[in-house]
Amino acid sequence: MSRKFVPKPKERRKVTIPQELHDSLREVFELIEEAKNDPDSLLDYDDAIQTEAVCGGRRRGEERRPYVFTFYPEGQHKRGNWYLSLDETEIEDIGDGHMTEILMYCCTSPECDRKFREENDSCIDCDYVNEE
C-alpha cells in the first residue's frame with residue numbers, strides 16, 4: 001500500500017507559547033552560546049540539541065531560520081507536537097519570555113493538534129492518504 005500526498009488546509013493563527021517551551025528554549029539558547037566557544041561542538045544534525053521538551057539542531061546553509069526543533073508538549077500525544085523553525089534571536093526571545101506568542105500553521109483535523117512554523121510543512125497523518 002502506498003500513500004498519496006493530499007495537503008489539507010492549515011489554520012494560520014497566533015499560538016500562546018507554553019512555559020515548558022520557554023524553559024526549553026532558554027536552555028537551548030545557553031547551549032548555542034556555549035557552542036560558540038567550543039570548536040568541537042556540532043549543532044548541525046537532527047538531534048544535536050536536546051532538552052526535556054525539545055529536540056533539534058541547526059540546518060547548514062539555511063539563513064532565515066537555521067534552527068529546527070520538534071517540541072513535545074507535556075501530556076500531549078504525538079499528534080500534538082509542534083515543528084518549529086527559528087533564528088537565534090527568536091530562540092533567545094522565547095527563552096527570555098519576551099516573545100509570548102508565535103504564528104503557526106495548525107492542523108484542522110479534530111484528531112490532530114500538530115502545529116508548524118512553515119506554511120508548506122506537511123502533517124504525516126492529515127496530509128497523506130492510503131492508496132489501495
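The values are calculated or read from the model by the stated rules, or taken from the named source; none is laboratory data. It should be emphasised that the depicted structure is a prediction, and the values quoted were computed from it without experimental measurement. Every residue, glycine as well, gets a Cβ built from its backbone with ideal geometry; the counts of neighbours run over all protein chains shown. With ligands, DNA and RNA removed, areas are computed over all heavy atoms of the protein, side chains included. Shrake-Rupley method; radii C 1.70, N 1.55, O 1.52, S 1.80 Å.
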When both residues are 6+ apart or on different chains and their Cβ atoms are under 6 Å apart, which pairs have a first residue that lies in region 40-57 and is open to solvent by less than 10 Å² (accessible area, probe 1.4 Å), and a second that is part of a loop (DSSP other than H, G, I, E, B) and not hydrophobic (A, V, I, L, M, F, W, C)? 53/72; 57/45; 57/46
Looking at region 1-24, I want the residues that are in contact (Cβ under 8 Å) with a residue 40 or more places away in the chain and part of a loop (DSSP other than H, G, I, E, B) and have a partner that is β-branched (Val, Ile, Thr) and surrounded by fewer than 14 Cβ atoms within 10 Å (Cβ to Cβ) with Cβ atoms under 9 Å, at least 6 apart or on another chain. Which pairs are those? 6/129; 8/108; 9/108; 10/108; 17/100
Given the condition within 19 Å of residue 112 (Cβ to Cβ), at pLDDT 85 or above, open to solvent by 30 Å² or more (accessible area, probe 1.4 Å) and among the aliphatic types (A, V, I, L, M), answer yes or no: does some residue in region 67-74 qualify? no
Residue that is farthest from residue 67 (Cα to Cα), among those in region 110-121 that are buried (at least 19 other Cβ atoms within 10 Å of the Cβ) and touching a residue at least 40 places away in the same chain (Cβ under 8 Å): 115
What is the number of the single condition among (1) farther than 14 Å from residue 29 by Cα; (2) assigned to a strand (DSSP E or B) that residue 56 does not meet? (1)
Within region 89-109, can one find any residue that is out of contact with any Lys or Arg (no Cβ under 8 Å at 6 or more places or on another chain), open to solvent by 20 Å² or more (accessible area, probe 1.4 Å) and modelled with pLDDT under 95? no
Which pairs have Cβ atoms under 9 Å, sit 6 or more apart or on different chains, and link a residue in region 63-79 that is under 17 Å from residue 52 (Cα atoms) and assigned to a loop (DSSP other than H, G, I, E, B) to one that is open to solvent by less than 80 Å² (accessible area, probe 1.4 Å) and of a type in the set (Val, Ile, Thr)? 72/54
If residue 33 satisfies all but one of (1) within 19 Å of residue 96 (Cα to Cα); (2) in a loop (DSSP other than H, G, I, E, B), what's the number of the condition it fails? (2)
Set 53, 35: member being hydrophobic (A, V, I, L, M, F, W, C), at pLDDT below 90 and either out of contact with any Lys or Arg (no Cβ under 7 Å at 6 or more places or on another chain) or within 24 Å of residue 123 (Cβ to Cβ) (or both): 35
